[in-house]
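Trainee: Take this structure first; my questions come after.
The values are calculated or read from the model by the stated rules, or taken from the named source; none is laboratory data. Every value quoted in this text rests on a predicted model; they were computed, and no experiment measured them. All Cβ positions, even for glycine, are placed from backbone atoms using ideal geometry, and neighbour counts span all protein chains on display. For accessibility, only protein heavy atoms count, side chains too; no ligands or nucleic acids. Shrake-Rupley method; radii C 1.70, N 1.55, O 1.52, S 1.80 Å.
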Amino acid sequence: MEDKKLIFSGIQPTGTFTLGNYIGAVRNWGPLQDDYNCIYCVVDMHAITVRQEPAKLRQNTLNSYALLMACGIDVEKSILFIQSHVKTHAELNWILCCNTQFGELSRMTQFKDKSKKHPDDINAGLFTYPSLMAADILAYNADLVPVGVDQKQHLELARNIAQRFNQRYGDFFTVPEPYIAEVGAKVMSLQEPSKKMSKSDDNPNAVILILDDKDTIIRKFKRAVTDSEAEVVYREGKDGINNLMTIYSSVTGKDFKSIEAEFAGKGYGDFKLAVGEAVADHLEPVRTEFARLIQDKAYLKECYTAGAEKALRYSQRTLNKVYRKVGFVDR
Ligand code: ATP
Ligand code: LTN
(Lines give C-alpha, C1' and ligand atoms only; values in the text may rest on other atoms or scores of the structure.)
(Ligands and ions follow the chains in the order given, each with its own letter.)
Protein backbone atom coordinates (compact mmCIF):
# COMPACT_ATOMS: atom_id res chain seq x y z
CA MET A 1 0.00 0.00 0.00
CA GLU A 2 1.09 3.56 -0.62
CA ASP A 3 2.47 5.57 2.22
CA LYS A 4 -0.71 7.44 3.15
CA LYS A 5 -2.73 7.57 6.35
CA LEU A 6 -5.04 4.63 6.85
CA ILE A 7 -8.81 4.86 7.16
CA PHE A 8 -10.98 2.05 8.52
CA SER A 9 -14.74 1.92 8.94
CA GLY A 10 -17.53 -0.61 9.14
CA ILE A 11 -21.29 -0.83 8.84
CA GLN A 12 -23.71 -3.42 10.18
CA PRO A 13 -25.86 -5.46 7.79
CA THR A 14 -28.86 -5.15 10.09
CA GLY A 15 -31.15 -3.95 7.26
CA THR A 16 -31.06 -1.52 4.36
CA PHE A 17 -28.96 1.58 4.90
CA THR A 18 -30.85 4.61 6.06
CA LEU A 19 -30.39 8.19 4.98
CA GLY A 20 -28.65 8.60 8.38
CA ASN A 21 -26.07 5.91 7.57
CA TYR A 22 -25.61 7.51 4.17
CA ILE A 23 -25.22 11.14 5.19
CA GLY A 24 -23.46 10.49 8.50
CA ALA A 25 -21.04 7.87 7.27
CA VAL A 26 -21.09 5.99 3.98
CA ARG A 27 -21.30 8.84 1.53
CA ASN A 28 -18.10 10.30 3.01
CA TRP A 29 -16.19 7.07 2.50
CA GLY A 30 -15.86 7.23 -1.31
CA PRO A 31 -14.24 10.67 -1.51
CA LEU A 32 -11.60 9.65 1.06
CA GLN A 33 -10.21 6.99 -1.29
CA ASP A 34 -7.97 9.37 -3.19
CA ASP A 35 -6.20 10.83 -0.19
CA TYR A 36 -5.99 7.80 2.11
CA ASN A 37 -5.54 4.05 2.08
CA CYS A 38 -9.08 2.92 2.87
CA ILE A 39 -10.36 -0.33 4.33
CA TYR A 40 -14.13 -0.82 4.68
CA CYS A 41 -16.03 -3.72 6.07
CA VAL A 42 -19.56 -5.12 6.39
CA VAL A 43 -19.61 -6.15 10.06
CA ASP A 44 -21.82 -9.24 10.07
CA MET A 45 -20.21 -10.48 13.30
CA HIS A 46 -21.38 -7.33 15.05
CA ALA A 47 -24.87 -7.79 13.62
CA ILE A 48 -25.47 -11.07 15.49
CA THR A 49 -25.19 -9.32 18.86
CA VAL A 50 -28.93 -8.91 18.34
CA ARG A 51 -31.03 -11.81 16.99
CA GLN A 52 -30.90 -12.14 13.21
CA GLU A 53 -32.80 -14.46 10.94
CA PRO A 54 -29.97 -16.37 9.16
CA ALA A 55 -31.33 -16.15 5.60
CA LYS A 56 -32.06 -12.48 6.05
CA LEU A 57 -28.65 -11.74 7.51
CA ARG A 58 -27.00 -13.42 4.52
CA GLN A 59 -29.13 -11.37 2.13
CA ASN A 60 -28.56 -8.13 4.04
CA THR A 61 -24.81 -8.74 4.08
CA LEU A 62 -24.65 -9.14 0.31
CA ASN A 63 -26.94 -6.17 -0.19
CA SER A 64 -24.80 -4.05 2.12
CA TYR A 65 -21.68 -5.03 0.24
CA ALA A 66 -23.25 -4.07 -3.09
CA LEU A 67 -24.69 -0.89 -1.59
CA LEU A 68 -21.29 0.24 -0.41
CA MET A 69 -20.03 -0.19 -3.96
CA ALA A 70 -23.07 1.69 -5.28
CA CYS A 71 -22.32 4.51 -2.84
CA GLY A 72 -18.92 5.01 -4.42
CA ILE A 73 -16.49 2.57 -2.84
CA ASP A 74 -14.19 1.39 -5.58
CA VAL A 75 -12.75 -2.07 -4.92
CA GLU A 76 -9.72 -1.17 -7.03
CA LYS A 77 -8.88 1.69 -4.68
CA SER A 78 -10.05 0.38 -1.30
CA ILE A 79 -10.12 -2.94 0.46
CA LEU A 80 -13.80 -3.86 0.86
CA PHE A 81 -14.66 -7.10 2.66
CA ILE A 82 -17.04 -9.00 4.92
CA GLN A 83 -15.93 -9.20 8.55
CA SER A 84 -16.58 -12.92 9.14
CA HIS A 85 -14.34 -13.78 6.16
CA VAL A 86 -11.28 -12.48 7.97
CA LYS A 87 -10.57 -14.59 11.04
CA THR A 88 -8.02 -12.22 12.55
CA HIS A 89 -10.80 -9.93 13.79
CA ALA A 90 -12.17 -12.59 16.14
CA GLU A 91 -8.69 -13.61 17.22
CA LEU A 92 -7.56 -10.10 18.02
CA ASN A 93 -10.89 -9.50 19.75
CA TRP A 94 -9.99 -12.09 22.37
CA ILE A 95 -6.68 -10.42 23.18
CA LEU A 96 -8.38 -7.04 23.38
CA CYS A 97 -11.19 -8.40 25.57
CA CYS A 98 -8.49 -9.33 28.05
CA ASN A 99 -7.36 -5.71 27.96
CA THR A 100 -10.81 -4.16 28.34
CA GLN A 101 -12.43 -3.50 31.69
CA PHE A 102 -15.91 -4.62 32.67
CA GLY A 103 -16.57 -1.12 34.00
CA GLU A 104 -15.69 0.50 30.69
CA LEU A 105 -18.05 -1.76 28.77
CA SER A 106 -20.83 -1.16 31.30
CA ARG A 107 -20.76 2.56 30.55
CA MET A 108 -21.46 2.21 26.81
CA THR A 109 -24.75 3.90 25.99
CA GLN A 110 -25.36 1.64 22.99
CA PHE A 111 -25.14 -1.41 25.29
CA LYS A 112 -27.60 0.18 27.71
CA ASP A 113 -30.01 1.17 24.91
CA LYS A 114 -29.88 -2.21 23.18
CA SER A 115 -30.24 -4.07 26.51
CA LYS A 116 -33.40 -2.10 27.16
CA LYS A 117 -34.68 -2.87 23.69
CA HIS A 118 -33.92 -6.61 23.92
CA PRO A 119 -34.32 -7.42 27.64
CA ASP A 120 -34.61 -11.14 26.91
CA ASP A 121 -31.28 -11.34 25.10
CA ILE A 122 -28.57 -9.35 26.87
CA ASN A 123 -25.81 -11.60 25.60
CA ALA A 124 -22.07 -11.41 26.24
CA GLY A 125 -21.43 -10.46 22.60
CA LEU A 126 -23.61 -7.39 22.96
CA PHE A 127 -21.59 -6.44 26.02
CA THR A 128 -18.14 -6.96 24.45
CA TYR A 129 -19.16 -5.48 21.09
CA PRO A 130 -16.81 -2.46 21.47
CA SER A 131 -13.83 -4.73 21.93
CA LEU A 132 -14.55 -6.41 18.56
CA MET A 133 -14.92 -2.97 17.03
CA ALA A 134 -11.52 -2.02 18.49
CA ALA A 135 -10.09 -5.22 16.96
CA ASP A 136 -11.48 -4.21 13.53
CA ILE A 137 -9.69 -0.90 13.74
CA LEU A 138 -6.47 -1.89 15.49
CA ALA A 139 -5.87 -4.94 13.26
CA TYR A 140 -5.00 -2.45 10.53
CA ASN A 141 -3.47 0.21 12.76
CA ALA A 142 -5.95 2.68 11.31
CA ASP A 143 -5.23 6.39 11.83
CA LEU A 144 -8.74 7.65 11.19
CA VAL A 145 -12.22 6.19 11.58
CA PRO A 146 -15.07 7.96 9.74
CA VAL A 147 -18.32 7.41 11.67
CA GLY A 148 -21.46 9.22 12.77
CA VAL A 149 -21.58 10.91 16.18
CA ASP A 150 -23.28 7.91 17.84
CA GLN A 151 -20.05 5.90 17.51
CA LYS A 152 -17.84 8.42 19.25
CA GLN A 153 -18.01 6.66 22.60
CA HIS A 154 -17.01 3.32 21.09
CA LEU A 155 -14.10 4.96 19.38
CA GLU A 156 -12.98 6.57 22.61
CA LEU A 157 -12.96 3.09 24.14
CA ALA A 158 -10.92 1.73 21.20
CA ARG A 159 -8.39 4.48 21.90
CA ASN A 160 -8.24 3.53 25.58
CA ILE A 161 -7.73 -0.13 24.74
CA ALA A 162 -4.91 0.74 22.32
CA GLN A 163 -3.23 2.97 24.89
CA ARG A 164 -3.55 0.37 27.62
CA PHE A 165 -2.06 -2.31 25.39
CA ASN A 166 0.78 0.03 24.43
CA GLN A 167 1.53 0.73 28.08
CA ARG A 168 1.53 -2.94 29.03
CA TYR A 169 3.41 -4.36 26.10
CA GLY A 170 5.36 -1.46 24.63
CA ASP A 171 4.29 1.02 21.97
CA PHE A 172 2.57 -0.87 19.20
CA PHE A 173 -0.94 0.13 18.16
CA THR A 174 -1.73 3.37 16.39
CA VAL A 175 -4.24 5.24 18.57
CA PRO A 176 -7.11 5.94 16.13
CA GLU A 177 -8.88 9.29 15.76
CA PRO A 178 -12.58 9.68 14.99
CA TYR A 179 -13.40 11.44 11.74
CA ILE A 180 -16.85 12.97 12.00
CA ALA A 181 -18.66 15.04 9.33
CA GLU A 182 -19.47 18.65 10.22
CA VAL A 183 -23.01 18.54 8.87
CA GLY A 184 -25.17 15.44 9.11
CA ALA A 185 -23.22 13.50 11.74
CA LYS A 186 -26.55 12.79 13.40
CA VAL A 187 -29.61 12.58 11.18
CA MET A 188 -32.76 12.35 13.29
CA SER A 189 -35.91 10.26 12.98
CA LEU A 190 -38.60 11.90 10.83
CA GLN A 191 -41.26 10.95 13.39
CA GLU A 192 -39.41 11.66 16.65
CA PRO A 193 -36.77 14.23 15.74
CA SER A 194 -35.10 14.04 19.14
CA LYS A 195 -34.05 10.43 18.37
CA LYS A 196 -31.48 9.32 15.77
CA MET A 197 -32.71 7.81 12.53
CA SER A 198 -31.94 4.10 12.92
CA LYS A 199 -32.14 1.02 10.71
CA SER A 200 -33.92 -0.88 13.43
CA ASP A 201 -36.72 1.67 14.04
CA ASP A 202 -40.10 -0.05 14.05
CA ASN A 203 -41.91 2.86 12.43
CA PRO A 204 -41.16 2.84 8.67
CA ASN A 205 -42.24 6.48 8.33
CA ALA A 206 -39.45 7.55 10.66
CA VAL A 207 -36.73 6.30 8.37
CA ILE A 208 -35.71 6.97 4.78
CA LEU A 209 -34.05 3.91 3.28
CA ILE A 210 -31.63 4.70 0.53
CA LEU A 211 -33.36 2.19 -1.73
CA ASP A 212 -36.82 3.72 -1.21
CA ASP A 213 -38.37 4.89 -4.48
CA LYS A 214 -39.08 8.54 -5.19
CA ASP A 215 -42.77 8.46 -4.24
CA THR A 216 -42.05 6.73 -0.94
CA ILE A 217 -39.33 9.23 -0.08
CA ILE A 218 -41.59 12.19 -0.86
CA ARG A 219 -44.47 10.68 1.10
CA LYS A 220 -42.29 10.09 4.18
CA PHE A 221 -40.98 13.66 4.11
CA LYS A 222 -44.52 15.01 3.73
CA ARG A 223 -45.42 13.22 6.97
CA ALA A 224 -42.31 14.36 8.83
CA VAL A 225 -43.01 15.79 12.28
CA THR A 226 -42.17 19.50 12.54
CA ASP A 227 -43.58 22.22 14.82
CA SER A 228 -46.53 24.56 15.01
CA GLU A 229 -44.71 27.62 13.66
CA ALA A 230 -44.38 28.14 9.93
CA GLU A 231 -40.86 29.40 9.62
CA VAL A 232 -38.02 27.55 7.92
CA VAL A 233 -35.16 28.66 10.17
CA TYR A 234 -32.47 26.72 12.01
CA ARG A 235 -33.05 27.39 15.68
CA GLU A 236 -32.87 25.60 18.99
CA GLY A 237 -36.13 23.85 19.84
CA LYS A 238 -37.05 23.27 16.19
CA ASP A 239 -35.70 19.71 16.05
CA GLY A 240 -37.84 18.58 13.11
CA ILE A 241 -37.05 21.59 10.91
CA ASN A 242 -33.38 21.56 11.95
CA ASN A 243 -33.19 17.94 10.86
CA LEU A 244 -34.87 18.62 7.50
CA MET A 245 -32.54 21.58 6.93
CA THR A 246 -29.52 19.42 7.74
CA ILE A 247 -30.68 16.77 5.28
CA TYR A 248 -31.46 19.35 2.58
CA SER A 249 -28.11 21.02 3.12
CA SER A 250 -26.16 17.80 2.85
CA VAL A 251 -27.77 16.67 -0.39
CA THR A 252 -27.79 20.10 -2.12
CA GLY A 253 -24.62 21.64 -0.65
CA LYS A 254 -26.59 24.80 0.29
CA ASP A 255 -25.85 26.37 3.67
CA PHE A 256 -28.52 27.16 6.28
CA LYS A 257 -28.66 30.89 5.45
CA SER A 258 -29.44 30.27 1.80
CA ILE A 259 -32.00 27.61 2.68
CA GLU A 260 -33.73 30.11 5.00
CA ALA A 261 -33.73 32.68 2.19
CA GLU A 262 -35.04 30.15 -0.35
CA PHE A 263 -38.05 29.31 1.84
CA ALA A 264 -38.74 32.71 3.41
CA GLY A 265 -42.49 33.30 3.34
CA LYS A 266 -43.22 29.75 2.19
CA GLY A 267 -44.93 27.07 4.27
CA TYR A 268 -43.59 23.77 5.57
CA GLY A 269 -45.47 21.92 2.81
CA ASP A 270 -43.29 23.49 0.10
CA PHE A 271 -40.16 22.90 2.11
CA LYS A 272 -40.90 19.24 2.83
CA LEU A 273 -41.65 18.60 -0.83
CA ALA A 274 -38.37 20.26 -1.85
CA VAL A 275 -36.41 18.15 0.65
CA GLY A 276 -38.13 14.96 -0.53
CA GLU A 277 -37.40 15.70 -4.18
CA ALA A 278 -33.80 16.68 -3.53
CA VAL A 279 -33.15 13.51 -1.53
CA ALA A 280 -34.85 11.24 -4.08
CA ASP A 281 -32.90 12.80 -6.97
CA HIS A 282 -29.66 12.57 -5.04
CA LEU A 283 -30.19 8.87 -4.31
CA GLU A 284 -31.36 7.91 -7.80
CA PRO A 285 -27.88 6.99 -9.14
CA VAL A 286 -27.19 4.89 -6.03
CA ARG A 287 -30.42 2.94 -6.56
CA THR A 288 -29.65 2.36 -10.24
CA GLU A 289 -26.10 1.20 -9.58
CA PHE A 290 -27.25 -1.08 -6.76
CA ALA A 291 -29.86 -2.72 -9.01
CA ARG A 292 -27.14 -3.43 -11.56
CA LEU A 293 -24.60 -4.81 -9.07
CA ILE A 294 -26.96 -7.05 -7.10
CA GLN A 295 -27.81 -8.95 -10.33
CA ASP A 296 -24.19 -9.94 -10.74
CA LYS A 297 -23.55 -12.33 -7.85
CA ALA A 298 -20.44 -13.81 -9.47
CA TYR A 299 -18.79 -10.40 -9.71
CA LEU A 300 -19.72 -9.55 -6.11
CA LYS A 301 -18.19 -12.81 -4.97
CA GLU A 302 -15.01 -12.07 -6.86
CA CYS A 303 -14.84 -8.67 -5.15
CA TYR A 304 -15.48 -9.82 -1.58
CA THR A 305 -13.14 -12.80 -1.94
CA ALA A 306 -10.31 -10.61 -3.16
CA GLY A 307 -11.10 -8.04 -0.44
CA ALA A 308 -10.92 -10.67 2.31
CA GLU A 309 -7.62 -12.01 1.01
CA LYS A 310 -6.04 -8.58 1.11
CA ALA A 311 -7.49 -7.79 4.53
CA LEU A 312 -6.27 -11.11 5.93
CA ARG A 313 -2.75 -10.63 4.63
CA TYR A 314 -2.60 -7.21 6.21
CA SER A 315 -4.18 -8.01 9.57
CA GLN A 316 -2.35 -11.33 10.00
CA ARG A 317 0.91 -9.41 10.18
CA THR A 318 -0.49 -7.31 13.02
CA LEU A 319 -1.87 -10.35 14.83
CA ASN A 320 1.45 -12.24 14.63
CA LYS A 321 3.19 -9.33 16.30
CA VAL A 322 0.48 -9.07 18.96
CA TYR A 323 0.79 -12.80 19.74
CA ARG A 324 4.55 -12.39 20.24
CA LYS A 325 4.04 -9.36 22.44
CA VAL A 326 1.60 -11.07 24.78
CA GLY A 327 3.92 -14.08 25.10
CA PHE A 328 2.38 -16.78 22.91
CA VAL A 329 4.86 -19.37 21.58
CA ASP A 330 5.64 -18.99 17.85
CA ARG A 331 4.03 -21.59 15.63
P1 ATP B 1 -28.80 -0.11 14.12
O2 ATP B 1 -30.03 0.71 14.22
O3 ATP B 1 -29.04 -1.49 13.59
O4 ATP B 1 -27.95 -0.07 15.35
P5 ATP B 1 -27.59 2.02 12.63
O6 ATP B 1 -28.60 2.57 11.69
O7 ATP B 1 -27.23 2.80 13.81
O8 ATP B 1 -27.93 0.53 12.98
P9 ATP B 1 -24.87 1.22 12.01
O10 ATP B 1 -24.53 0.12 11.09
O11 ATP B 1 -24.72 0.99 13.47
O12 ATP B 1 -26.32 1.76 11.72
O13 ATP B 1 -24.01 2.50 11.60
C14 ATP B 1 -23.27 2.67 10.41
C15 ATP B 1 -22.71 4.06 10.36
O16 ATP B 1 -23.78 5.00 10.20
C17 ATP B 1 -21.98 4.48 11.65
O18 ATP B 1 -20.82 5.22 11.29
C19 ATP B 1 -22.96 5.37 12.35
O20 ATP B 1 -22.32 6.32 13.16
C21 ATP B 1 -23.68 6.02 11.20
N22 ATP B 1 -25.05 6.41 11.54
C23 ATP B 1 -26.03 5.59 11.95
N24 ATP B 1 -27.18 6.27 12.15
C25 ATP B 1 -26.88 7.57 11.88
C26 ATP B 1 -27.65 8.77 11.92
N27 ATP B 1 -28.92 8.77 12.25
N28 ATP B 1 -27.04 9.92 11.57
C29 ATP B 1 -25.74 9.93 11.20
N30 ATP B 1 -24.97 8.84 11.15
C31 ATP B 1 -25.51 7.67 11.49
N1 LTN C 1 -20.13 -0.15 15.74
C2 LTN C 1 -20.31 0.42 14.43
C3 LTN C 1 -19.94 -0.50 13.32
C4 LTN C 1 -18.50 -0.85 13.37
C5 LTN C 1 -17.41 0.00 13.08
C6 LTN C 1 -16.26 -0.80 13.26
C7 LTN C 1 -17.30 1.34 12.73
C8 LTN C 1 -18.00 -2.07 13.69
N9 LTN C 1 -16.66 -2.03 13.61
C10 LTN C 1 -14.99 -0.27 13.10
C11 LTN C 1 -16.02 1.85 12.56
C12 LTN C 1 -14.90 1.07 12.73
C13 LTN C 1 -21.76 0.82 14.30
O14 LTN C 1 -22.61 0.27 14.93
N15 LTN C 1 -21.99 1.72 13.47
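Trainee: Across 10 Å bins from the origin, how do the percents of Cα pairs in the stretch 1-57 run, short distances first?
Mentor: It works out to 20, 42, 28, 9, 0, in whole percents.
Trainee: Mind running the shape call on the stretch 5-101? Use the C-alpha gyration tensor, a ≥ b ≥ c as the square roots of the eigenvalues: rounded below 1.5 for a/c, prolate if a/b tops b/c, oblate otherwise. It would help to have the intermediate numbers written out before the result.
Mentor: Numbers: a/c = 1.82, a/b = 1.16, b/c = 1.57.
Taking the square roots of the gyration eigenvalues as a ≥ b ≥ c, the stretch 5-101 is oblate.
Trainee: Ok, one more. Taking a 29 Å limit on the Cα-Cα distance, which of the listed pairs Lys112/Lys301; Lys152/Lys199; Lys56/Lys321; Lys114/Lys321 fall beyond it?
Mentor: Working: Lys112/Lys301 36 Å; Lys152/Lys199 18 Å; Lys56/Lys321 37 Å; Lys114/Lys321 35 Å.
Violating the 29 Å limit, Cα to Cα: Lys112/Lys301; Lys56/Lys321; Lys114/Lys321.
Trainee: Which value results for Rg/Rh of the stretch 240-295 when Rg is the Cα radius of gyration and Rh the Kirkwood radius based on the inverse mean 1/r?
Mentor: Rg/Rh for the stretch 240-295 comes to 1.11.
Trainee: Same structure again: Among the aspartates and glutamates, which have Cα under 20 Å from the Cα of Lys214 when same-chain residues fewer than 8 positions away are ignored?
Mentor: Result set, ordered by chain and number: Asp270, Glu277, Asp281, Glu284, Glu289.
Trainee: What order do you get for 292-302, 278-288 when each peptide is scored by the mean count of other beta carbon atoms within 10 Å, highest first? Don't skip to the answer; put the middle values down first.
Mentor: Working: 292-302: 13.4, 278-288: 17.6.
Packing order, densest peptide first, comes out as 278-288, 292-302.
Trainee: Over the chain, how many percent of alpha carbon pairs lie in each 20 Å bin up to the one with the longest distance?
Mentor: So the P(r) values, bin by bin, are 30, 56, 13, 0.
Trainee: Follow-up question, since we're still on this one. Beta carbons within 10 angstrom, averaged per residue: use that to sort the peptides 269-275, 224-230, 14-20, highest first. Can you show the working numbers first?
Mentor: Working: 269-275: 17.7, 224-230: 14.7, 14-20: 22.9.
Result, highest mean first: 14-20, 269-275, 224-230.
Trainee: Then there's this: In what sequence, highest mean first, do 211-223, 103-115, 135-147 appear when ranked by Cβ atoms within 10 angstrom? Provide the component values of the computation, followed by the final result.
Mentor: Values: 211-223: 16.8, 103-115: 13.8, 135-147: 23.5.
Put in order of decreasing packing, that is 135-147, 211-223, 103-115.
Trainee: Calculate for the chain the 222 nm mean residue ellipticity that helices alone would give, adding -39,500 (n - 2.57) per DSSP H run of length 4 or more and normalising by residue count, nearest 500 deg cm²/dmol.
Mentor: On the way: 12 runs with 166 residues, N = 331.
Value at 222 nm, helices only: -16000 deg cm²/dmol.
Trainee: Rounded to the nearest percent, how much of the accessible area of the chain (1.4 Å probe, protein heavy atoms only) is carbon and sulfur?
Mentor: Values: 7740 of 15600 Å².
For the chain, the apolar C and S fraction of the accessible surface comes to 50 percent.
Trainee: Restricting things to alpha carbons, find the Rg to Rh ratio for the stretch 260-331 using the Kirkwood radius for Rh. It would help to have the intermediate numbers written out before the result.
Mentor: On the way: Rg = 24.7 Å, Rh = 17.4 Å.
Radius of gyration over Kirkwood radius for the stretch 260-331 works out to 1.41.
Trainee: Based on DSSP, what percent of beta bridges with both residues in the chain are antiparallel, to the nearest 5? Could the numbers behind the result be given before it?
Mentor: Numbers: 2 of 16 bridges.
The antiparallel fraction comes to roughly 10 percent.
Trainee: Measuring from the lowest to the highest alpha carbon on each principal axis, how far does the stretch 154-270 reach, largest first, in angstroms?
Mentor: Ordered largest first, the stretch 154-270 gives principal extents of 63, 32, 24 Å.
Trainee: Hey, what did the chain get for relative contact order, percent, Cα under 8 Å, at least 6 apart?
Mentor: Working: 506 pairs, mean separation 72.4, N = 331.
22 percent.
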